[in-house]
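The values are calculated or read from the model by the stated rules, or taken from the named source; none is laboratory data. This is a predicted model, so every value here is computed, not measured. A quick note on method: Cβ atoms are made from the backbone with ideal geometry, for glycine too, and the neighbour counts reach across all protein chains shown. Accessible surface areas use protein heavy atoms only, side chains included; no ligands, DNA or RNA. Shrake-Rupley method; radii C 1.70, N 1.55, O 1.52, S 1.80 Å.
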Amino acid sequence: MSSFAELSDAALVRRCQETLPYDARPFEALVKRYREQVFAIAYRMMGEAQEAEDQTQEVFIKVYRSIKRFRGEAAFSTWIYRIAVNTCLDALSKQQRRPQRVEADIAEAEEAQYPIRTAARAEPTPEQAALRRELIECIRDTMMALRDRERLILTLRDVQGMEYRQIADVLNVRIGAVKMRIHRARLAFQQAFARMCREYLPTS
Amino acid sequence: MAIIKNCKKIEPYFAPFVDGLLEEEETQLVQEHVEACPDCLARLALSRQARLLLLRLQEEDIVLPEGFQARLMQRIMTGDLATDVLDLSWQGLVTTLLQLLEVIFGMLLGPQPATAWQPA
């Protein structure tokens, strides 16, 4: 696998096109390269780890099925993020069409099964750490209260740190539209945060 | 540059302003507008607060569930997916046959089999 890890995306895609389904190693190298980013987007969009894993698997299965037809008009990274975004939006719209599950216990159990670790920083006191966890939880809840497309653009820009140009390519819209959507989604987020997380607002 | 008085025209500059991505001249346009427009000033402040809060999510280290890749490859290799990618046109079949022969000769002659699949 080490030699595959050194190849560019384009070279790995070519290898996949030549060797699938007999030799899956170049495909595996692509999965290894993108699995974390795709899972992170899915986790932010779906809001829970099991659902995020399901959607991440769907993304890579779609990539596997269609990689032979990929002609490289866009970068492979743009293509896979586009598949990830559309897969999550589809799944969310299906969820909204079926009766909503109210299963906090299941979500809690999943959280225990798939712990989302908070990156270590300069040794906060236990109180500071607890406060930070609560704040992050509140930010996450606020994100989940937004519309899917607002959450999506904030995930791509502010959480994943994507450039405007790449967001425009992934969403297939103009860069001006990306700038507007980011600004409006941030306003929507801040209004929701003020409603849901009042205790964290600065006191005037 | 002339001052932009229309709020709708200045709005596309707000996200890159908050992100620190504007050129000096554009930054000045935004500043001049918000100095004269309290509504946009308030919106810009909200947008900046949102950005700062959202950046906190980057502190979270999202960990991919263990065994993800093995489960994925299992699904691909044991289902019908592996055959889904086969091209069944005659050109495709000829190419496939040639690739298969190459793999077989590779296995017979080379030290590393090209078909080996090991879960990551």
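Here are a few things to note about the model shown:
- Taken over segment A:119-146, residues that are free of Cβ contacts under 8 Å to residues at least 12 places away in the same chain, polar (S, T, N, Q) and open to solvent by less than 40 Å² (accessible area, probe 1.4 Å) amount to 0.
- Only listed residue being open to solvent by less than 60 Å² (accessible area, probe 1.4 Å) and either at pLDDT below 75 or of a type outside the set (V, I, T) (or both), chosen from B:L98, B:L81: B:L81
- Of all residues making up segment A:147-175, the number that are under 12 Å from the mean Cα position of the chain (by Cα) and either of a type in the set (V, I, T) or crowded, with 20+ Cβ neighbours inside 10 Å (or both): 10
- Filter result for the condition that a residue is under 23 Å from A:M162 (Cα atoms) and open to solvent by 40 Å² or more (accessible area, probe 1.4 Å), over B:R71, B:R48: B:R48
- Enumeration of residues in segment A:166-192 that are more than 11 Å from chain B (Cβ to nearest Cβ) and either without any contact (Cβ under 8 Å) to a residue 24 or more places away in the chain or of a type in the set (A, V, I, L, M, F, W, C) (or both): A:A168, A:V170, A:L171, A:V173
- If the condition is being of a type outside the set (D, E, K, R) and more than 19 Å from A:I41 (Cβ to Cβ), then segment B:54-78 contributes B:G67, B:A70, B:M73, B:Q74, B:I76, B:M77, B:T78.
- So A:R140, is it at pLDDT below 90 and not small (G, A, S): no
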